[in-house]
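Worksheet for the structure shown next.
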Amino acid sequence: MSNFQVQEFAGKDLGVSSWLLITQERINQFADVTEDHQWIHIDKARAKAESPYGTTIAHGFLTLSLLAHFAQELRSFPPDVTVINYGLDKVRFLSPVKVGCRIRNHAVIVSAEPKGEGRTLLKTKNTVELEGEETPALIAETLALVLH
């Protein structure tokens, strides 16, 4: 077992990730994997003509799923510490993520609750920002069980 003190992370601002470009290819691949082929995500011509956004937009769940990518960049625990996805407490999709835009995540650990036997439940507030926009794309509280 590690001497790692995960409770020291409570309230810690993990910072802001690198920007990630949202491409049509990524959106299409997500549509294929989830079998969600709604036109607003994959039909560029129709989205340009009929969508209030004037272009295709990423699935909300695509944006949410990218939190795993951002977490790997922002969290750095010792190699003998295992982090397991434990779920979500709150998710809000606030702004559409248009194809061609860049997003990044700002993560803050809200709490680190000891669960006994070398386990700690981390709650992290994630704010997925859209480059050049005031309103974020997503705010989500994620839960992770840290085994240390």
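Filtered by the rule that a residue be among the aliphatic types (A, V, I, L, M) and either in contact with a helix residue (DSSP H, G or I) (Cβ under 7 Å, 6 or more places away or on another chain) or in contact (Cβ under 8 Å) with a residue 12 or more places away in the chain (or both), region 27-37 gives I27, A31.
Selection of region 93-137 for residues being under 20 Å from I40 (Cβ atoms) and among the polar types (S, T, N, Q) yields S95, T135. What pairs come up if the first residue lies in region 74-88 and is at positive phi, the second is in a strand (DSSP E or B), and their beta carbons are under 7 Å apart, counting only those six or more places apart or on different chains? Hits for this filter: G87/L143. Out of T142, T135, T120, one residue alone is among the polar types (S, T, N, Q) and surrounded by fewer than 16 Cβ atoms within 10 Å (Cβ to Cβ). It is T135. Is it the case that some residue within region 27-36 is outside any helix (DSSP H, G or I) and surrounded by 15 or more Cβ atoms within 10 Å (Cβ to Cβ)? Within region 27-36, none of the residues are outside any helix (DSSP H, G or I) and surrounded by 15 or more Cβ atoms within 10 Å (Cβ to Cβ).
Condition check ((1) of a type outside the set (S, T, Y); (2) touching a strand residue (DSSP E or B) at 6+ places or on another chain (Cβ under 8 Å); (3) more than 14 Å from T63 (Cβ to Cβ)) across all residues:
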position	(1), (2), (3)
C101	yes, yes, no
V108	yes, yes, yes
G118	yes, yes, yes
T127	no, yes, no
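Within 19 Å of the chain's Cα centre (by Cα) and of a type in the set (D, E, K, R): does that describe D13? Here the answer is yes, as D13 does meet what is asked.
If only residues of region 70-117 that are assigned to a helix (DSSP H, G or I) and modelled with pLDDT under 95 are counted, the one that is surrounded by the most Cβ atoms within 10 Å (Cβ to Cβ) is L74.
Here is the figure for region 92-148: residues that are charged (D, E, K, R), in contact with a Leu (Cβ under 8 Å, 6 or more places away or on another chain) and in contact (Cβ under 8 Å) with a residue 60 or more places away in the chain total 2. Pairs meeting the criteria (first residue in region 38-56 and in contact (Cβ under 8 Å) with a residue 12 or more places away in the chain and closer than 10 Å to P96 by Cβ, second residue part of a loop (DSSP other than H, G, I, E, B) and of a type outside the set (D, E), beta carbons under 7 Å, at least 6 apart or on different chains) are I40/S51; I40/T56; Y53/P96; T55/V99; T56/V99.
The values are calculated or read from the model by the stated rules, or taken from the named source; none is laboratory data. None of the values given here were measured: they were computed from a predicted structure. FYI the Cβ positions are ideal-geometry reconstructions off the backbone, even for glycines, and counts take in every protein chain you see.
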